[in-house]
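Shown next, in structure tokens, is the structure this report addresses.
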Amino acid sequence: MNSPESPRSGLLKGRGMRRIGIAAGVIVAVCLAAILVALLLPEGPPPPAASPGQQIYTRFCVSCHGRSGSGSWSATLSLIRPGNLADRLRMQKLTDQYLADLIKHGGASVGKPGMPGFGFHLTDDEILELVAYVRSLAAAR
């Protein structure tokens with residue numbers, strides 16, 4: 001026995017859909033605001049006694065890899081998954097030459113397209129300083 005729906009039940013469905021739409025809009029707005037804040041807030045300068053490699057790391061790498069090397073909250077909010085530089089087992093498998101090439105040329109050639117190249121910004125000596133500092137992040141754990 002099917003009874004026709006009353007006009008009032010359609011009105012209730014419309015209100016429910018409207019509430020869902022408003023809730024979804026609020027969630028999207030909060031997420032966008034969080035991403036904007038993450039992109040606009042700098043991580044801050046390196047400590048005064050920072051090594052040259054740590055200074056370079058702070059300037060170019062902290063925004064994605066975080067201070068500890070295990071990733072930053074701003075990268076997470078932007079849905080970026082940078083490599084975990086603090087993972088000792090993973091880092092032991094990578095040669096210094098591989099890391100230097102990855103830093104210099106970026107990750108596109110080795111299947112890591114999110115990693116930009118810094119060869120135009122850093123000299124080869126600065127890249128080697130950075131590789132040494134990155135190695136220290138994994139050794140610290």
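Taking region 55-79, which residues are outside any loop (DSSP other than H, G, I, E, B), out of contact with any Ser or Thr (no Cβ under 8 Å at 6 or more places or on another chain) and modelled with pLDDT under 85?
So the first thing to find is which residues in region 55-79 are outside any loop (DSSP other than H, G, I, E, B), and the list is 55-60, 62-65, 73-77.
Now restrict to residues that are out of contact with any Ser or Thr (no Cβ under 8 Å at 6 or more places or on another chain): 55-60, 73, 76-77.
Selection gives TRP73, THR76, LEU77.
One line per residue, one yes/no per condition, for (1) touching a strand residue (DSSP E or B) at 6+ places or on another chain (Cβ under 7 Å); (2) modelled with pLDDT under 95; (3) within 15 Å of ILE56 (Cα to Cα):
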site: ASP87; (1), (2), (3): no, yes, no
site: THR95; (1), (2), (3): no, no, no
site: ALA100; (1), (2), (3): no, no, yes
site: GLY111; (1), (2), (3): no, yes, no
site: HIS121; (1), (2), (3): no, no, yes
site: GLU129; (1), (2), (3): no, no, yes
site: ARG135; (1), (2), (3): no, no, yes
site: ALA138; (1), (2), (3): no, yes, no
site: ARG141; (1), (2), (3): no, yes, no
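Consider only pairs whose beta carbons are under 7 Å apart and that are at least six residues apart or on different chains; among these, list those whose first residue lies in region 109-138 and is of a type in the set (Ser, Thr, Tyr) and whose second residue is not in a helix (DSSP H, G or I).
Filtered contacts from region 109-138: TYR133/SER51.
I'd like to check something: does region 80-100 contain any residue that is in a helix (DSSP H, G or I), under 30 Å from ILE27 (Cβ atoms) and in contact with a Cys (Cβ under 7 Å, 6 or more places away or on another chain)? Steps first, please.
So the first thing to find is which residues in region 80-100 are in a helix (DSSP H, G or I), and the list is 88-92, 96-100.
Retained after the next criterion (residues that are under 30 Å from ILE27 (Cβ atoms)): none.
No, because not a single residue in region 80-100 is in a helix (DSSP H, G or I), under 30 Å from ILE27 (Cβ atoms) and in contact with a Cys (Cβ under 7 Å, 6 or more places away or on another chain).
The values are calculated or read from the model by the stated rules, or taken from the named source; none is laboratory data. Note that the coordinates shown come from a computational prediction; the quantities given were computed from them, not determined experimentally. We place every Cβ from the backbone using ideal geometry, glycine too, and count neighbours over all the protein chains shown.
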